[in-house]
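Each remark here refers to the structure printed beneath this line.
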Amino acid sequence: MYVELIERARAGDGAAFRELTEPHQRELQVHCYRMLGSVQDAEDAVQDTLLSAWQNLSGFEERSSVRTWLYRIATNRCLNALRSAKRRPAKEWDINEIEPPEPTRLSEVVWLEPYPDALIPEASYEQQETISLAFMTALQLLAPRQRAVLILRDVLGYHAGEVAEILGSSIDSVNSALKRARAGLRHGLPATPTPPLPGSAAEQALVDRFVRAYQSGDVDGLVALLTEDVTISMPPVPLEYQGRDVVARFYAAVMRPGRHYDLVPTRANRQLAFASYHRGAGGIRHAAGLLVLTLDGDRISAMTRFDSSVLPWFGMPLSLP
């Protein structure tokens, strides 16, 4: 059946090509997201991959599976995109009526987007960890080739020889890149949190307290939910705040009297997330961004706020009545 599908696809049968490639499209998009850090860029890379595969199917020698062949094309498409991409500038703080306090530091990674859980295929717990925002941020600090090697070896489980073939490189080069990538990842990753199980009573209790504090503008109640070393980041704005006292000053500025928010739950990068809406004049609630929480026990160890432009990926409108 497999050989027959390949032969039919080579003969120009589009339905056969789709049957060969559709089972791999979601995992390919997650792979390209890990490489590029952008949902839109990942989708574009997958479409380029499928077009290239369709145009070059006659050159598929069946020395590897169709899945590995697609990963080879996709990885090299992503590497080409990273080589040719111009450095995207950070954005400035854009809420005119709010003056944020002095940040703790400026983030090294500003162009990173959240990934909707609805687009993530079923995966093991270990693979789920490798799409967390902390892991994604650490990945973006690696050189593109190191990033590719680490993902192919440690996330996808390809052998060094297979990775060398995918990248058109030597095994020694792959092993050297992997060693440097692992060292860089250890340096960039914070301590691994221990969140409550998704959907558990412990998680729901924390959600209820967070939503109640955030929607009512209760800064003290919100701060009480945070770990001592909590971090706030907001790509593509480079401002970062670390430590409960500093974060308290930030939210005292954001949650000033008369400014209220409503939260709509979702999930991103296997983490709790909320679309945030600011209650404006005339009863219309305007999108204020997407908040993604990192939970550690019964506390929040990190909050990442993304621009409202990411909400359509989560099926969320830019305004609510």
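Just a yes or no: is a residue in region 114-124 surrounded by fewer than 19 Cβ atoms within 10 Å (Cβ to Cβ), farther than 29 Å from Arg63 by Cα and of a type in the set (Phe, Trp, Tyr)? No; the residues of region 114-124 include none that is surrounded by fewer than 19 Cβ atoms within 10 Å (Cβ to Cβ), farther than 29 Å from Arg63 by Cα and of a type in the set (Phe, Trp, Tyr). Checking each residue in region 183-209 for being surrounded by fewer than 11 Cβ atoms within 10 Å (Cβ to Cβ) and aliphatic (A, V, I, L, M) picks out Ala191, Leu197, Ala201. Of the helices (runs of 4 or more DSSP H) lying entirely inside region 97-161, those containing at least 3 residues that are over 21 Å from Ile73 (Cβ atoms) are 125-129, 133-140.
Applying a threshold of 8 Å to beta carbon distances and a minimum spacing of six or more residues, or different chains, the list of pairs starting in region 246-271 at a residue that is farther than 14 Å from Glu97 by Cα and ending at one that is among the acidic types (Asp, Glu) and not in a strand (DSSP E or B) reads Thr266/Asp117; Arg267/Asp117; Ala268/Asp117; Asn269/Asp117; Arg270/Asp117; Arg270/Glu129.
Of the helices (runs of 4 or more DSSP H) that lie entirely inside region 1-78, those containing 3 or more residues that are at pLDDT 95 or above and acidic (Asp, Glu) span 39-55. Quick one: Ala81 ticks every box in (1) modelled with pLDDT of 95 or more; (2) among the hydrophobic types (A, V, I, L, M, F, W, C); (3) within 19 Å of the chain's Cα centre (by Cα) bar one, so which box is it? For Ala81, the failing item is (1). Note on region 251-286: among residues that are of a type in the set (A, V, I, L, M, F, W, C) and modelled with pLDDT of 95 or more, the one that is nearest to Gln215 (Cα to Cα) is Leu263.
The C-beta contact set for region 160-178 (first residue not assigned by TED's automatic domain parsing to the domain that holds Glu61, second residue outside any helix (DSSP H, G or I) and surrounded by fewer than 17 Cβ atoms within 10 Å (Cβ to Cβ), distance under 7 angstrom, 6+ apart or interchain) comprises Ala164/Ser170. Here Leu290 qualifies as in contact (Cβ under 8 Å) with a residue 60 or more places away in the chain, buried (at least 22 other Cβ atoms within 10 Å of the Cβ) and closer than 24 Å to Ile98 by Cβ.
Among residues of region 296-308 that are within 13 Å of Gly243 (Cα to Cα) and free of Cβ contacts under 8 Å to residues at least 40 places away in the same chain, none has a Cβ under 6 angstrom from a residue that is among the polar types (S, T, N, Q) and in a strand (DSSP E or B) at a sequence gap of 6+ or on a separate chain.
On inspection, Tyr277 passes the criterion of being in the same structural domain as Leu225 (by TED's automatic domain parsing), crowded, with 21+ Cβ neighbours inside 10 Å and free of Cβ contacts under 8 Å to residues at least 60 places away in the same chain.
The values are calculated or read from the model by the stated rules, or taken from the named source; none is laboratory data. Computed from a predicted structure; not experimentally measured. Because the Cβ atoms are built from the backbone with ideal geometry, glycine has one as well, and the counts that use them run over all protein chains shown.
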